[in-house]
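Taken together, the values in this text are just the output of simple stated rules run on the coordinates, not laboratory data. Since the structure is predicted, the reported quantities are computational estimates derived from the model, not experimental observations. For neighbour counting, all protein chains shown are included, and Cβ atoms are generated from backbone atoms with ideal geometry for every residue, glycine included.
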Amino acid sequence: MTETKKPDYASPVPRQRFGDELAEQERQLESDPLIRRFAESRGRLAGDPHRPLYHFVSPESTMNDPNGLCFWRGRWHLFYQGYPVEDTRQHWGHCVSDDLVHWRDLPYAIHPDPERCCFSGSALVEGDRVIAIYHGVDAGTMIAVSSDPLLLNWGKVTGNAVIPHAKPGEPPLPYNIFDPCIWKQGEYYYAVTAGTRPEGPGGKRLRAEFLHRSRDLATWEYLHQFLEDDFYGLVGDDGACPYFWPIGHRHILLHFSHLRSGGGGKYVLGDYDTERDKFVVTQGGEFNFGPVGPGGVHAPSAFPDGKGGLIALFNMNPARPTEGWDQLMTLPRRLTLVGDDQLGIEPAGDIESLRGEQTAVGPMTLPANEEVVLDNVSGNAIEIEAEIDTRGAPVVELDVLRSPNREEYTRILFRAHSGYYSKQSTVTIDNSRSSILPDVGIRPPETAPLPLEKDETLNLRVFVDRSVVEVFANGRQCVALRVYPGRADSVGVSLRSQGTDAALKSLDAWRMESIY
């Protein structure tokens, strides 16, 4: 019988073996050809008026999911699906930060072989090493390990998939092999792999996470489906890009759904039953409030912040063709547990270090049904911090990236709950008038629930960065969209209260500096 020859998936991307000491690694990076190439590429791409200044964008080519966010030896490391120019299969790109805001490019970390492509996965920091687990296309679940100061050298455990696909002619596996995440409990490492189970209505697929465990990272045994009492998904959710971590006194599973309608970044909260190795789900929610594309939030990567919360990042999809790049990363978000079932969501990292010139707007009345243009506040790379007493107004609107005659503007809306059919207030980004360009993809507004307590003021932190708008509201909600103004003068800011007067208590705006 002739043995089938394995494909040669070795990557041609340049790489070198780095030293084991930080000083030596830094010296090697100074002359590394990839680092020089990245710097030249960033210089070429910097002139694109829609390329962000303070959201991370890959140094060259396109990018996709964030992977393996982790904190190692005093620094944050972010990996992502990168597409090198000489081999456009997915590799793990790599950058490092001291503050979660200023990111420094490092060489590609994990290269294909024996897998065809390096898809998504997570990282576990354990003592003197970092363990990365990810989906190797056409191979199975892969594990790589690194222990050097900047995580530049990676070795793959066994050199092959540790949880392989079934071989031709073998019976189907009782689990799916797709995006994995990893943690350790007692003497065992645990891994869940994303997938579905055919137990929905009419045999349709439902979200599942399949649990394996191992003592040595090399040999894994399948246990069972990990989620119990999961009533918070949609038919067809697939639980991709999972991240399972403690949060407060509970646990959370962040993940992504590939559904075209109702998909995107999601989470389930619950309790980790370590006796039965089950995650008992008690709550669920979304990080997306509209389609993932065009211009929506995509997949998460998350890691504990050491204070009971999590740091999470998401990639965002494009809504217009751009030469040499496309996606970007959101700002880091700190997720905390509020009570038993609600998430707190706030910006994370030293974002304040990016603030430049400040403009303050004092208290003022927002007259009903009149637009108030803030003549001294403008910019396409700014942060705005505003507190508004809505005084019962049905809608309060903050417009950014506004051209002088309103040919272009992006609307940020707070809608109060009112009437029989509207029981919950919401926060919205509407990009339907954001651009006059004919090739920009417009989508339904991104609208998220934002319940306010009685007499609670509306508190907004708005981050505008050329082609992205992110809005954090009252420390417990975040919405984000891509926008592509076509006019150079679309930099204005205005306010409006609909129906009744509202009151602006304070507004501060800062011009934001580049992170590069």
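For Asp508 and Lys5, a Förster radius of 56 Å and the Cβ-Cβ distance give a FRET efficiency of 0.30, rounded to the nearest 0.05. Annotation: the residues Ser122, Ser435, Ser61, sorted from fewest to most other C-beta atoms within 10 Å of their own C-beta, follow the order Ser61, Ser435, Ser122. Annotation: peptides 462-473, 436-447, ranked by per-residue average of other Cβ atoms within 10 Å with the highest first, follow the order 462-473, 436-447.
Bridge orientation summary for the chain: considering DSSP beta bridges with both residues in this region, about 95 percent are antiparallel.
Between 0 and 90 degrees, the angle of helix 33-45 with respect to the longest Cα principal axis of the chain falls at about 20 degrees.
Available extension along the chain between Thr500 and Thr365 is 47.5 nm, counting 0.36 nm per residue and deducting the alpha carbon span. If the Kirkwood radius is taken over C-alpha pairs of the stretch 351-512, then at 25 °C and 0.890 mPa s the Stokes-Einstein diffusion coefficient equals 155 µm²/s.
Across the cross-link table entries Lys266/Lys505; Lys278/Lys307; Lys204/Lys307, which are compared at the Cα atoms, the separations over 30 Å belong to Lys266/Lys505; Lys204/Lys307.
In plain terms, the C-alpha convex hull of the chain casts an average shadow of 26.3 nm² when viewed from every direction.
In this structure the amide hydrogen of Gly68, modeled in the peptide plane, comes within under 5 Å of the amide hydrogens of Gly121, Ser122, Ala123, none closer than 5 places in sequence on its chain. Evaluate the relative contact order of the stretch 68-177 (contact order divided by residue number), counting alpha-carbon pairs under 8 angstrom at least 6 apart; express in whole percent. 18 percent.
Spin-label model, Asn405 to Glu187: label points 7 Å out along the Cα-to-beta-carbon direction sit 7.7 nm apart.
Hey, can you rank 165-174, 17-26, 309-318 by average C-beta count inside 10 Å, highest first?
309-318, 17-26, 165-174
Taking each residue as 0.36 nm, the span from His249 to His417 lengthens on full extension beyond its C-alpha to C-alpha distance by 57.3 nm.
Note on Val125 and Thr274: the model spin-label points, each 7 Å out from Cα along the C-beta direction, lie 2.0 nm apart. In loop segments of the stretch 174-277 as defined by DSSP, the trypsin sites (Lys or Arg not before Pro) with at most 13 further C-beta atoms inside 10 Å of their C-beta are Lys204, Arg215, Arg260, Arg276. Contact order for the chain, expressed relative to its length and based on alpha carbon pairs under 8 Å spaced 6+ residues apart, stands at 13 percent.
At the listed q of 0.19 Å⁻¹, the Debye profile of the stretch 423-476, built from one uniform point per Cα, gives log10 I(q)/I(0) equal to -0.77. Once the Cβ-Cβ distance of Arg27 and Thr457 is raised to the sixth power relative to R0 = 45 Å, the FRET efficiency obtained is 0.25. The average projected area of the stretch 1-47, computed from the convex hull of its Cα atoms over all directions, is 6.1 nm². With the simple spin-label model, which puts each label point 7 Å out from Cα in the Cβ direction, the Arg487 to Asp340 separation comes to 5.3 nm. For Lys5, a cut-off of 26 angstrom between C-alpha atoms picks up these lysines, skipping any fewer than 8 places away in its own chain: Lys156, Lys167.
In terms of surrounding Cβ atoms within a 10 Å radius of their Cβ, Tyr188, Tyr83 rank from fewest to most as Tyr188, Tyr83.
Enumerate the residues in the stretch 107-128 having an amide nitrogen under 14 Å from the point lying 7 Å beyond the Cα of Val145 toward its Cβ. Label zone hits: 124-128.
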